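We did not get these values from a lab; they are worked out from the coordinates using the rules stated. All values reported here derive from a predicted model rather than from experimental measurement. For neighbour counting, all protein chains shown are included, and Cβ atoms are generated from backbone atoms with ideal geometry for every residue, glycine included.
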Amino acid sequence: MDARTYRRQLLGSLLVAAMIVVVAIVVVTAKLGPTSVVEEEARIERQELRIEQAEERQERRQELREDRRRTRSR
Amino acid sequence: METVIQELTRGNATEVKVILASVVAALAVYQVALMAVGYGKVKPRFLGGRAASFAHRAIGDALVVIVVVVAVMCVSYFGIEDDAAVHSGAAVLLLVALAMKVGVVRGLPRLHRFLPVLGLTIWVLIGVVFATSAGDFLWSR
């Protein structure tokens with residue numbers, strides 16, 4: 001094999017490796033999606049906080065209602 | 001170290017690690033194919049054994065760096081968890097096997113006959129390490 005063919009084959013092999021890297025990055029990034037795990041966790045945390053606050057408000061309303069009922073019955 | 005990784009990855013340490021591990025896994029398959037040509041097991045017309053072997057060595061050098069980076073990220077950011085025994089064990093074995101292979105390639109020519117076994121061991125270990133962490137993470141999404 002002459003030096004030119006060897007160089008061409010070597011370059012081709014390395015180019016294929018570079019293509020594999022690009023394809024792997026594109027496929028995995030597409031699979032992961034635009035939202036990072038940190039953002040996703042923060043979103044879930046915010047959602048849980050909202051639900052908690054809503055439950056607290058509901059409890060407070062319930063307590064107020066019961067207080068009013070008790071005052072009326074006296 | 002954890003802060004450095006967070007800053008370098010802009011808070012996406014898991015994603016960066018998964019991508020790097022996927023690149024390693026994909027290139028590991030290509031490495032086996034290259035050495036099949038290098039050892040003359042497969043003889044395609046478009047690629048000679050010498051070029052395949054040199055490409056294998058060049059890509060392997062880059063892979064070692066990526067594997068070490070992923071390992072450092074993994075240990076310093078996520079730590080060693082009790083429920084990831086297979087992953088941690090395979091990762092330690094992988095680093096040992098890589099060190100042995102680099103040592104044999106660079107300094108112990110009389111042990112070159114063990115290179116195919118070492119190479120295949122590394123390939124299997126990369127598969128196990130990937131499947132028990134990044135692969136698992138990707139499948140679950």
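Using alpha carbons only, how many degrees (0 to 90, rounded to 10) separate the axis of helix B:85-107 from the longest principal axis of chain B?
Between helix and principal axis, roughly 40 degrees.
Could you run the Karplus curve 6.51 cos²θ - 1.76 cosθ + 1.60 with θ = phi - 60° over the range B:5-21 and give me ³J(HN,Hα) per residue in whole Hz, x for Gly and Pro?
After applying 6.51 cos²θ - 1.76 cosθ + 1.60, I find 5, 4, 5, 5, 9, 6, x, 10, 4, 4, 5, 4, 5, 4, 5, 4, 5 Hz.
Can you tally the net charge around B:Leu34? Count Lys and Arg as +1, Asp and Glu as -1, for every other residue whose Cβ sits under 12 Å from the Cβ of B:Leu34.
Computed value for this residue: +3.
What is the fewest-to-most order of B:Val69, B:Val23 by other Cβ atoms lying within 10 Å of their Cβ?
So the residues, fewest neighbours to most, are B:Val69, B:Val23.
Count the net charge of all other residues whose Cβ sits under 13 Å from the Cβ of A:Gly12, scoring Lys and Arg as +1 and Asp and Glu as -1. Walk me through the numbers on the way to the answer.
Numbers: positive: A:Arg4, A:Arg7, A:Arg8, B:Arg45; negative: none.
Taking every Cβ under 13 Å from that of A:Gly12, the sum is +4.
Would you compute, for the Cα atoms of the protein assembly as shown, the largest minus smallest coordinate along each principal axis and list the three values in descending order, in whole Å?
105, 32, 29
Normalising by the residue count of chain B, find the relative contact order in percent from Cα pairs under 8 Å and 6+ residues apart.
30
Go ahead and estimate [θ] at 222 nm for the protein assembly as shown from helices alone: -39,500 (n - 2.57) per DSSP H run with n ≥ 4, summed, over the residue count, rounded to 500.
-27500 deg cm²/dmol
Once both axes come from the Cα atoms, what is the angle between helix B:115-131 and the longest principal axis of chain B, in degrees from 0 to 90, rounded to 10?
Roughly 30 degrees between the two axes.
Tally Lys/Arg at +1 and Asp/Glu at -1 over every other residue whose Cβ is under 12 Å from the Cβ of A:Glu63; what's the total?
+3
Mean 1/r over all different Cα pairs, inverted: what Kirkwood radius does chain B give, in Å?
Working: mean 1/r = 0.0620 Å⁻¹.
It works out to 16.1 Å.
Tell me, what HN-Hα J-couplings in whole Hz come from the Karplus equation 6.51 cos²θ - 1.76 cosθ + 1.60 at θ = phi - 60° for each residue of the range A:47-60, using x for Gly and Pro?
My calculation for the range A:47-60 gives 4, 5, 5, 4, 4, 4, 5, 5, 5, 4, 4, 5, 4, 4 Hz in order.
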